[in-house]
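Engineer: Shown below is the structure under consideration.
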Amino acid sequence: MKVSNLLASKGHDVATISQERTVADAVALLKERGIGALVVTGPKSPIAGMFSERDVVRALATSGEAALTQKVAELMSAEVRVCSSSTELNDVMTTMTERRIRHVPVVDDGQLVGLISIGDVVKARLEELEHDKKDLLDYVSAR
């Protein structure tokens with residue numbers, strides 16, 4: 001299965017935030033959208049970084065409440081792994097597992113076109129396994 005198949009059912013909506021906004025703004029957006037990560041935008045390319053709940057927890061543990069006034073750029077993960085719509089979902093799963101990341105932006109021709117989460121990958125894999133199970137049961141029942 002390709003990433004494009006997953007995006008076709010999931011959609012292409014991606015929550016973003018400017019690297020100049022505060023951590024408090026990012027936390028409010030995470031809560032409002034009920035999500036775990038934001039793609040951070042900046043002056044270069046479509047992605048300046050990723051900002052996740054993990055970043056918030058680390059900042060609060062280090063700086064306490066003062067972390068909420070920091071800029072997203074100060075706490076975001078600047079090294080971002082991306083994929084394209086044509087990437088195989090198994091390759092995305094491997095990247096997530098090896099790099100211990102939960103979100104991978106989808107970029108086509110320099111444009112941000114989606115975001116794949118570990119939950120999306122697990123759901124797609126479970127659906128694929130259910131489909132395979134049904135096919136096998138149908139095959140065995142036909143004998």
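Every number in this text was worked out from the coordinates using simple rules, so none of it is lab data. Nothing here was measured: the structure is a model prediction, and the numbers come from that model. Glycine also receives a Cβ, built like all others from the backbone with ideal geometry; neighbour counts cover every protein chain displayed.
Engineer: In Å, what Kirkwood hydrodynamic radius results for region 26-86 from the alpha-carbon pair distances? Walk me through the numbers on the way to the answer.
Structural biologist: Details: mean 1/r = 0.0807 Å⁻¹.
After inverting the mean inverse Cα-Cα distance, the result is 12.4 Å.
Engineer: Indicate, rounded to the nearest 5 percent, the antiparallel portion of the DSSP beta bridges found entirely in region 3-142. Numbers along the way, then the final one.
Structural biologist: Working: 12 of 16 bridges.
Antiparallel bridges: around 75 percent, rounded to the nearest 5.
Engineer: Next up: Mind checking which of 116, 78, 141 is farthest towards the positive end of the chain's charge dipole, using Cβ charges of +1 (Lys, Arg) and -1 (Asp, Glu) about the Cα centre?
Structural biologist: 78
Engineer: Count the lysine pairs in the chain whose Cα atoms sit under 19 Å apart, keeping only pairs 8 or more residues apart in sequence or on different chains. Could you put the intermediate results ahead of the total?
Structural biologist: Working: 2/10; 2/123; 10/123; 31/71; 44/71; 123/133; 123/134.
Taking the chain as the scope, the lysine pair count is 7.
Engineer: Note down the net charge around residue 53, summing +1 for each Lys or Arg and -1 for each Asp or Glu among other residues with Cβ under 15 Å from its Cβ.
Structural biologist: Details: positive: 31, 33, 54, 58, 100, 102; negative: 25, 32, 55.
Here the count lands on +3.
Engineer: Against the 2.2 N^0.38 Å scaling, with N counting residues, where does the chain land? I'd like the Cα-based Rg ratio to two decimal places. Provide the component values of the computation, followed by the final result.
Structural biologist: Values: Rg = 17.9 Å, N = 143, 2.2 N^0.38 = 14.5 Å.
The chain yields a ratio of 1.24.
Engineer: Quick check for you: which residues of region 1-17 have the amide N under 17 Å from the point 7 Å beyond the Cα of residue 129 toward its beta carbon?
Structural biologist: 1
Engineer: Taking the C-alpha atoms of region 61-114, how large are the radius of gyration and the largest Cα-Cα span, Dmax, in Å?
Structural biologist: 14.8, 42
Engineer: Continuing with this model, one more query. Hey, what did region 19-58 get for relative contact order, percent, Cα under 8 Å, at least 6 apart? Don't skip to the answer; put the middle values down first.
Structural biologist: On the way: 35 pairs, mean separation 14.1, N = 40.
It comes to 35 percent, rounded to a whole number.
Engineer: Can you tell me what percent of all Cα-Cα pairs in region 73-143 are more than 19 Å apart? Don't skip to the end; give the middle numbers.
Structural biologist: Numbers: 1181 of 2485 pairs.
Of all Cα-Cα pairs in region 73-143, 48 percent lie more than 19 Å apart.
Engineer: Note the full-extension length gain between residue 4 and residue 138 as 0.36 nm times their separation in residues minus their Cα-Cα distance, in nm to one decimal. Numbers along the way, then the final one.
Structural biologist: Details: separation 134, 0.36 × 134 = 48.24 nm, distance 2.81 nm.
Full extension of this stretch gives 45.4 nm more.
Engineer: Order the peptides 29-35, 115-121 from the highest to the lowest mean number of other Cβ atoms within 10 Å of their residues.
Structural biologist: Going from most to least packed, we get 115-121, 29-35.
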